[in-house]
Amino acid sequence: MQALDSHWHNPSSLYPTAGEVKHLLEESRETLAQHLGIDDAQRIIFTSGATESNNLVVRHVAATSSSSRILVSEIEHPSVLQPSALAFGERFEKVLANETGVIDLNALADQLRGQSVSLLSIMAANNETGVLQPWSEANELCRKYHVPFHCDAVQWLGKRPATQLGECDWLSGSAHKFGGPKGVGFLVTPPEIDRLHNAQSGGPQERGLRAGTENYPAIAAMLAALGHAERLSENSDSIGRERDDFESRILELIPGTQLCGANAPRLWNTSMLVLPEHRNLKWLTRMGDLGFALSTGSACSSGRGNPSHVMQAMGLDFDEMGRVLRISAGWETTPSDWNALSEALAEVYQSLNSNAKRATRSNTISLTDINSYPDSRLQSFLQTQRSASK
Ligand code: PLP
């Protein structure tokens, strides 16, 4: 608020108050560099968020490597997967994940060995499951095979210590995932980069790498939020136990529930459940009525009803994907919030079960349900289920 009030001037202008904003902007860059363990703050450029940062990396690498391949984990965010497929075409290769949602390091080592690779991109933590990825080991493999490494650290930042992330060649972050404003983020570039190919052109801001007037108030808010989130995450072990207690309680209250990625290390705030019965949209609506903001998959794809590529990578079938509920807690979520959530889920489960018993139709899947899914593969799967249950 202070920055909006007093430091709204264009940092590239020459009058004194603008110079002050320029100075504060550079201070923010230094502070972020310290958070990330980076010696040279000039490696950081501010962007509009991680979608832009991820696109910048992939498009730059595509423009500067004519024949080598890009390796991208199959559970990356679409802002890495899509530009990679578009810019690299047949030279785009996926790194597979196992059924707990962790990328396979042995397979990755084989992929890196013996072929020319211009970039490996592995996220630090997955946005749907919260499962932590072995990004540091992947970075070491890249050092061994002289391959540049990109890490999308959007979900990690503000929840786990960030100091070693600066060892990555390229790094993306986004403020709104650690409590800052939407529409601001950053990209760390390798030290030698003095031009980003395929970036928007215009003014000389951000060392000429990223044209456009910097949004200093948003950048100041991003840094304030990062510091705050990191302080609150210092006792993340105990907050993680609260999520684990919630999951144990759910297994008692709603028998047959599966926990996704529970056998792998996860962020403390995420829980992805495959419920034993009833479509997730029904759960979502009932839980929304009780004041809980839950999700069926990633926010980017859940609104469109497309099956999640992360759940597919973990081997869930269409039926299971239709029963997934994703829960993300915040830094201030308390044990009593988790308790209220488990009680509400149990209540909704009972009410959905008693409604189902009252239903007069013998088939459990209605045509209206089926047609509400825009995805044709899911529709035909449900049609088959419906015919089988008749
Ligand atoms: N990468 C990951 C892992 C994300 O979770 C998100 C957003 O949800 C993004 C990238 C895109 O970030 P932004 O919304 O800042 O463009």
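The numbers here are math on the coordinates, done by the rules we state, and not lab data. Keep in mind that this is a model prediction, so the values were computed, not measured. Ideal geometry is used to build each Cβ from the backbone, glycine not excepted, and the neighbour counts take in all protein chains shown.
Relative to the compact globular guide of 2.2 N^0.38 Å, what is the alpha carbon radius of gyration of the chain, as a ratio?
On the way: Rg = 22.8 Å, N = 390, 2.2 N^0.38 = 21.2 Å.
Here the Cα radius of gyration is 1.07 times the empirical estimate.
For residue 85 paired with residue 247, estimate the spin-label separation in nm (one decimal), with each label point 7 Å from Cα along the Cα-to-Cβ line.
The answer from the label model is 2.9 nm.
Could you work out how far apart the two model spin labels at residue 347 and residue 40 are, taking each label as a point 7 Å from the Cα in the direction of the beta carbon, and quote it in nm?
5.8
In what order do 64, 296 fall by count of nearby beta-carbon atoms within 10 Å, going from fewest to most? Kindly include the intermediate steps, with their values, before the conclusion.
Values: 64 14, 296 21.
Ordered from fewest to most neighbouring Cβ atoms within 10 Å, 64, 296 come out as 64, 296.
Given Cα pairs under 8 Å that are at least 6 residues apart, what percent is the relative contact order of segment 1-101? Don't skip to the answer; put the middle values down first.
On the way: 83 pairs, mean separation 17.5, N = 101.
Rounded, it is 17 percent for segment 1-101.
As an exercise, identify the trypsin sites (Lys or Arg not before Pro) in segment 145-199 lying in DSSP coil whose Cβ has no more than 13 other Cβ atoms within 10 Å. If you can, show how the numbers build up before the last one.
Numbers: sites: 159, 177, 182, 195; in loops: 159, 182, 195.
Passing sites in segment 145-199 are 182, 195.
What is segment 41-185's relative contact order, in percent, from Cα pairs under 8 angstrom and six or more apart in sequence? Write out the running numbers ahead of the final one.
Working: 241 pairs, mean separation 35.9, N = 145.
That works out to 25 percent.
Please return the longest range in the chain lying between exposed loop sites, taking GluC sites (Glu not before Pro), DSSP loop only, at most 13 other beta-carbon atoms within 10 Å, and leaving the sites out. Walk me through the numbers on the way to the answer.
Working: sites that count: 99, 192, 332.
Here the longest run is 193-331.
Quick one: compute the contact order of segment 152-280, relative version, from alpha carbon pairs under 8 angstrom and 6+ residues apart, as a percent.
Values: 159 pairs, mean separation 27.3, N = 129.
For segment 152-280, the relative contact order is 21 percent.
For the chain, please report how many Lys pairs fall under 30 Å Cα to Cα, leaving out neighbours fewer than 8 apart on the same chain.
15
Treat each spin label as a single point 7 Å out from the Cα along the C-beta direction, and report the residue 144 to residue 74 distance in nm.
Once both label points are built, they end up 2.3 nm from each other.
Given R₀ = 22 Å, what would the calculated FRET efficiency be for residue 1 paired with residue 26, taking r from the Cβ atoms and rounding to 0.05? Intermediate results must be reported in sequence, preceding the final value.
Numbers: r = 21 Å, r/R0 = 0.97.
After rounding, the FRET efficiency stands at 0.55.
Ratio to report: Rg/Rh of segment 106-160, with Cα atoms as the point set and Rh obtained by the Kirkwood method; give two decimals.
Computed over Cα atoms, the ratio is 1.01.
Quick one: 223, 316, fewest Cβ neighbours within 10 Å first, how do they rank?
Values: 223 18, 316 21.
Going from least to most buried by this count: 223, 316.
Go ahead and run the numbers for FRET between residue 17 and residue 358, Cβ-Cβ distance against an R0 of 56 Å, rounding to 0.05. Write down the numbers at each step before the final one.
On the way: r = 68 Å, r/R0 = 1.22.
That pair, residue 17 with residue 358, gives E of 0.25.
I'd like the Karplus ³J(HN,Hα) series for segment 114-130: coefficients 6.51, -1.76, 1.60, θ = phi - 60°, whole numbers in Hz, and an x wherever there's a Gly or Pro.
Values, residue by residue: x, 9, 7, 10, 9, 6, 10, 10, 10, 6, 7, 8, 7, 6, 9, 9, x Hz.
If R₀ is 41 angstrom, what is the calculated FRET efficiency for the pair residue 115 and residue 293, using the beta carbon separation as r and rounding to 0.05?
Details: r = 44 Å, r/R0 = 1.08.
E between residue 115 and residue 293, to the nearest 0.05, is 0.40.
Counting only helical runs of four or more DSSP H residues, what would the 222 nm mean residue ellipticity of the chain come to if each run contributes -39,500 (n - 2.57) and the total is spread over all its residues?
Numbers: 15 runs with 172 residues, N = 390.
About -13500 deg cm²/dmol.
Kindly provide the chymotrypsin sites (Phe, Trp or Tyr not before Pro) of segment 60-158 that DSSP labels as loop, not H, G, I, E or B, and whose Cβ sees at most 14 other Cβ atoms within 10 Å.
On the way: sites: 88, 92, 135, 145, 149, 156; in loops: 156.
Passing sites in segment 60-158 do not exist.
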